[in-house]
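Here the structure comes first, spelled out in C-alpha cells, and everything after it is commentary.
The values are calculated or read from the model by the stated rules, or taken from the named source; none is laboratory data. From a predicted model like this one, the values you see are computed outputs, not experimental measurements. Here the Cβ is made from the backbone with ideal geometry for all residues, glycine too, and neighbour counts use every protein chain on show. For the accessible areas, the whole protein counts, side chains as well, though only heavy atoms, and no ligand, DNA or RNA atoms are used. Shrake-Rupley method; radii C 1.70, N 1.55, O 1.52, S 1.80 Å.
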Amino acid sequence: VVSVEALIRWQHPTRGIVPPDSFIPLAEENGLIVTIGRWVLDEACRQASVWAEEGLRLGISVNVSAHQLGRKGFADDVRSALSESGIEPSSLTLEITETTLMRDVDAACEHLDAIKALGLQVAIDDFGTGYASLSHLRRMPVDILKIDRSFVAALNDGGHSRELLEAIFGVGQALSLTVVAEGVEDDSQLVVLEEMGCDRAQGFLLGMPSPPEVVEGMLGPHAARRAVGSPAA
C-alpha cells in the first residue's frame, strides 16, 4: 500500500451513514462545499501527520470540487493545511474530475499551476468520462490519471474495454503520467490489469472504506518503508 484516499460519510442521527452522492451535490449548490472541503483537507493532512509520526509513511489523496478549485483562496487553504500538519507536500495528492477540468481548461490550468507550486501532486479523477484531448493533457500540470471505474467494470463484459484501457495506459506512458485503475472489485480484473502492465490500482478488492484505526491495522509495520505520493494500493 503506497497511499490512501480520504472519503467523507455523513453519520446522520436517524438515517445512519449517508453516502456522499446524497449530500455533496446539495453542498455544492448552497456553497457549503467550500467549508466541507476545507475541513476534509485539514483532517486528511492531520491524519497523515499522525501516521507519519507513528512510522506509517504513505500518501494521502483528497477530492476537490469545481467550487473549491475556482475559488481565489483555495491555494491558501492548501498551504495552511500543509503548514499546520507539517506533512511533506509531495505526500498529498489533490484529485479533480476530468469533467471539472474540461469546463474551462485555461482557468483550470491557472488554478492547478498555483497549487502545484506548493509541491503536491495533482490527479485527474474519473478519467475517460470528460472528453479531455491529448492537447489538453499536454497542457495541464498533472501527475496522475485515474481511470474511471466504468472501464474496469467493463472488463467482465468483454467488448473493447481491454483495448481502451491499453490505449489509456499508452497515453499515460507517453506523457510520463502515473496511471491508476479505479474500481477493482475482483481478482479477475486485477489479473487482466497486471497483464496490461498496470502497477497502480484501487478498489474494494484492495481495501474497503474504513476508519483510521482499521487502515492502521491493515498497513502494519511495512508501510513505513513504502514510497509516498501515489493514490493507489
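Write out, first by first residue and then by second, each pair whose Cβ atoms fall under 7 Å of each other, whose residues are 6+ apart or on separate chains, and whose first residue, in the range 76-99, is over 30 Å from Arg149 (Cα atoms) while the second is aliphatic (A, V, I, L, M) and open to solvent by 20 Å² or more (accessible area, probe 1.4 Å).
The qualifying pairs are Arg79/Leu118.
Which strands (runs of 3 or more DSSP E) sit wholly inside the range 1-114 and have at least 1 residues that are open to solvent by 80 Å² or more (accessible area, probe 1.4 Å), within 25 Å of Val214 (Cβ to Cβ) and not basic (Lys, Arg)?
Result: 10-12, 16-18.
If we keep just the residues of the range 147-164 that are in contact with a Gly (Cβ under 9 Å, 6 or more places away or on another chain) and either among the polar types (S, T, N, Q) or part of a helix (DSSP H, G or I) (or both), which is least open to solvent (accessible area, probe 1.4 Å)?
Looking at residues that are in contact with a Gly (Cβ under 9 Å, 6 or more places away or on another chain) and either among the polar types (S, T, N, Q) or part of a helix (DSSP H, G or I) (or both), I get Val152.
Tally time: how many residues in the range 63-112 are farther than 19 Å from Ala48 by Cβ and of a type in the set (Asp, Glu)?
Residues flagged as farther than 19 Å from Ala48 by Cβ and of a type in the set (Asp, Glu) within the range 63-112 amount to 5.
Scan the range 208-220 and give yes if some residue there is in contact with a strand residue (DSSP E or B) (Cβ under 8 Å, 6 or more places away or on another chain) and modelled with pLDDT of 80 or more, otherwise no. Please lay out each step first, then the result.
In the first step, residues of the range 208-220 are kept if they are in contact with a strand residue (DSSP E or B) (Cβ under 8 Å, 6 or more places away or on another chain); the result is 215.
Narrowing further to those that are modelled with pLDDT of 80 or more: 215.
Scanning the range 208-220, I find at least one residue that is in contact with a strand residue (DSSP E or B) (Cβ under 8 Å, 6 or more places away or on another chain) and modelled with pLDDT of 80 or more, so the answer is yes.
With respect to the numbered conditions (1) touching a residue at least 60 places away in the same chain (Cβ under 8 Å); (2) open to solvent by less than 10 Å² (accessible area, probe 1.4 Å); (3) over 11 Å from the mean Cα position of the chain (by Cα), which one is the sole condition not fulfilled by Ile144?
Result: Ile144 fails condition (3) only.
Could you give every pair whose Cβ atoms fall below 7 Å, whose first residue belongs to the range 1-14 and is more than 25 Å from Gly55 (Cα to Cα), and whose second residue is open to solvent by 90 Å² or more (accessible area, probe 1.4 Å), counting only separations of at least 6 or pairs across chains?
Listed by first residue and then by second, the contacts come to Arg9/Ile17; Gln11/Ile17.
Taking interchain pairs and intrachain pairs at least six residues apart, which have beta carbon atoms under 6 angstrom, with the first residue in the range 172-183 and under 10 Å from Ile144 (Cα atoms) and the second part of a strand (DSSP E or B)?
Note: pairs meeting the criteria are Gly172/Leu145; Gly172/Val179; Leu177/Leu145; Thr178/Ile144; Val179/Leu145; Val180/Lys146.
To keep it simple, each residue is scored yes or no on (1) under 19 Å from the mean Cα position of the chain (by Cα); (2) surrounded by 16 or more Cβ atoms within 10 Å (Cβ to Cβ).
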site: Ala167; (1), (2): no, no
site: Ser188; (1), (2): no, no
site: Val192; (1), (2): no, yes
site: Cys198; (1), (2): yes, yes
